[in-house]
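I have placed the structure first, in the form of structure tokens, so that the comments after it can refer back to it.
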Amino acid sequence: MSVAIKLENISKQYRLGQVGTGTISHDLNRWWHRVRGKEDPYSQVGQINRRDQAAESEYVWALKDINLEVEQGEVLGIIGANGAGKSTLLKLISRITSPTTGAIKAKGRIASLLEVGTGMHPEMTARENIYLNGSILGMRRHEISRKLDEIIDFAGCQMYLDTPIKRFSSGMRVRLGFAVAAFLDPEILIVDEVLAVGDAEFQKRAIGKMQEVSQGGGRTVLFVSHNMASIRQLCPQCCWIHNGQLIDQGDTEETLANYIQSTLRLPTGANVPSTASRSGTGRLRIRRIRFENADGDTLTTVQNGTDVTIAMDCEAAADEHFTSVVASLALLDDHDNYIWLVRSSFTREYFSFTGSTTIRCHIHDLNVAQGTYRGVTFLSERDNEILDNVRNAFTLTVVSGDFFGTGDQGLPTRCKTLTRSTWTHS
């Protein structure tokens, strides 16, 4: 099978600050070195793309020394944390921007859907945008007309076909953009996390369409997503980008296992890491999380079927007074699925306090199978103001206990949550 995309030592450098693409003086300096046959003077400067470090140079390498081959008809998943360089890589392949160093070779027409409304003119109607995008891909008008009904049906925009797309919702624009990209027969289809904007029905149809164009049409698909279930379903092969570098590539299950394991390097019962994904007003922050037994001793692992207390040390902004705080705790499995949730409002418990406090959640007979889970914490006011929402706030390691009271331990872990039941026969 022939190679559809080949990346050779690809690197992309950006200049930090308000001017992100360089200056005229730097461009002239580069040109002067190039005409004299000398190396780019800025190729040896700059730092690795790490968001949690202060800038030590005015240049940063968004991507560094990427070598990658994608075969024709292959569906390749691309994973990595926010800011790792995934979108930059797709922009390079789509020829939206050019690499600082290295070469990119691609065979065939490329259709890319990198963000909501990519390649569409907001003042033009849906119909006009379909023809515009087809023309950009090099298709003739009669070829686009032949596909028009399929595109409209998939996008579900028959009523708004002659309406300017600036009046479309973000979900409708994604539907139309994906339909145009998928149905106009590109040899290479690039999709970057835009499916998260669509509803569940659209996501299912979009994944089915990507499978169809790759398996039936022999086209190549590059798919970026933070949804591990979608990556598993669609992509036999996967690559992992971290801090602008290609860390791992190969079988999807193995690559995802390595990636997920890296995300689990979080403290168990310790300070909330600065790298955790966080949102909220900041009037109240969770600073430390720990697990305690009935005697108040701190636990490093928790046995299922036992009682455990999860304590959250919360730090309030100066002079803040709260009258109705709601606290929530959830666990994510290694597929990024929510498998367990508790919330104080379920039992009509609200917290009133001034300044900082410690909120404790007492769990009776922890009904989670053995394994390591990532935690999500959430604080809000009763009026729905989000105070602090932290993803990957902690890890919880659950070991097998005598959950069913039979003396047996080490039960299968395929079901992540456990439920006691009573069985009879007659």
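Here is a yes/no grid of residues against (1) more than 24 Å from residue 364 (Cα to Cα); (2) among the aliphatic types (A, V, I, L, M); (3) in contact with a Pro (Cβ under 7 Å, 6 or more places away or on another chain):
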{"site": "299", "(1), (2), (3)": "no, yes, no"}
{"site": "302", "(1), (2), (3)": "no, yes, no"}
{"site": "309", "(1), (2), (3)": "no, no, no"}
{"site": "321", "(1), (2), (3)": "yes, no, no"}
{"site": "326", "(1), (2), (3)": "no, yes, no"}
{"site": "332", "(1), (2), (3)": "no, yes, no"}
{"site": "338", "(1), (2), (3)": "no, no, no"}
{"site": "344", "(1), (2), (3)": "no, no, no"}
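Which condition breaks for residue 106 when tested against (1) out of contact with any Leu (no Cβ under 9 Å at 6 or more places or on another chain); (2) of a type outside the set (Phe, Trp, Tyr); (3) surrounded by fewer than 14 Cβ atoms within 10 Å (Cβ to Cβ); (4) modelled with pLDDT of 85 or more?
Evaluating residue 106 over (1) out of contact with any Leu (no Cβ under 9 Å at 6 or more places or on another chain); (2) of a type outside the set (Phe, Trp, Tyr); (3) surrounded by fewer than 14 Cβ atoms within 10 Å (Cβ to Cβ); (4) modelled with pLDDT of 85 or more leaves (3) as the failure.
Looking at (1) under 21 Å from residue 90 (Cα atoms); (2) in contact with a helix residue (DSSP H, G or I) (Cβ under 7 Å, 6 or more places away or on another chain); (3) at pLDDT below 90, can you tell me which one residue 136 breaks?
Going through (1) under 21 Å from residue 90 (Cα atoms); (2) in contact with a helix residue (DSSP H, G or I) (Cβ under 7 Å, 6 or more places away or on another chain); (3) at pLDDT below 90 one by one, residue 136 breaks only (2).
Would you check which residues across the stretch 382-395 are of a type outside the set (Val, Ile, Thr), open to solvent by 20 Å² or more (accessible area, probe 1.4 Å) and at negative phi and list them? Write out each step before concluding.
Taking the stretch 382-395 and keeping what is of a type outside the set (Val, Ile, Thr), we get 382-385, 387-389, 391-394.
The next check asks that each one be open to solvent by 20 Å² or more (accessible area, probe 1.4 Å); those that pass are 382-385, 389, 391-392.
Matches in the stretch 382-395: 382, 383, 385, 389, 391.
How do the helices (runs of 4 or more DSSP H) wholly within the stretch 76-173 filter down when requiring 1 or more residues that are touching a residue at least 40 places away in the same chain (Cβ under 8 Å), polar (S, T, N, Q) and under 30 Å from residue 233 (Cβ atoms): which remain?
Qualifying helices (runs of 4 or more DSSP H): 86-93, 126-136.
So, restricting to strands (runs of 3 or more DSSP E) that lie completely within the stretch 288-384, which ones have at least 1 residues that are under 30 Å from residue 81 (Cβ atoms) and in contact with a Leu (Cβ under 8 Å, 6 or more places away or on another chain)?
Details: elements: 308-316, 321-332, 338-343, 351-354, 357-363, 371-381.
Output list reads 308-316, 321-332, 338-343, 357-363, 371-381.
How many residues does the stretch 137-151 contain that are open to solvent by less than 60 Å² (accessible area, probe 1.4 Å) and at negative phi?
Residues flagged as open to solvent by less than 60 Å² (accessible area, probe 1.4 Å) and at negative phi within the stretch 137-151 amount to 8.
Kindly indicate the residue of the stretch 173-207 that is open to solvent by 30 Å² or more (accessible area, probe 1.4 Å) and not acidic (Asp, Glu) and also farthest from residue 136 (Cα to Cα) among those meeting that condition.
It comes out as 200.
So, in the stretch 254-285, of the ones that are more than 24 Å from residue 60 (Cα to Cα), open to solvent by 70 Å² or more (accessible area, probe 1.4 Å) and within 17 Å of the chain's Cα centre (by Cα), which residue ends up modelled with the highest pLDDT?
The residue in question is 278.
Could you list, in sequence order, all residues of the stretch 286-327 that are open to solvent by 30 Å² or more (accessible area, probe 1.4 Å) and either acidic (Asp, Glu) or at positive phi (or both)?
Hits for the stretch 286-327 are 295, 296, 297, 307, 313, 315, 319, 320.
The values are calculated or read from the model by the stated rules, or taken from the named source; none is laboratory data. What you see is a predicted model; the values in this text were computed from it and never measured. Cβ sites come from the backbone with ideal geometry, for glycine too, and all protein chains shown count toward neighbours. To get the accessible areas, we keep the full protein, side chains included, count just its heavy atoms, and leave off ligands, DNA and RNA. Shrake-Rupley method; radii C 1.70, N 1.55, O 1.52, S 1.80 Å.
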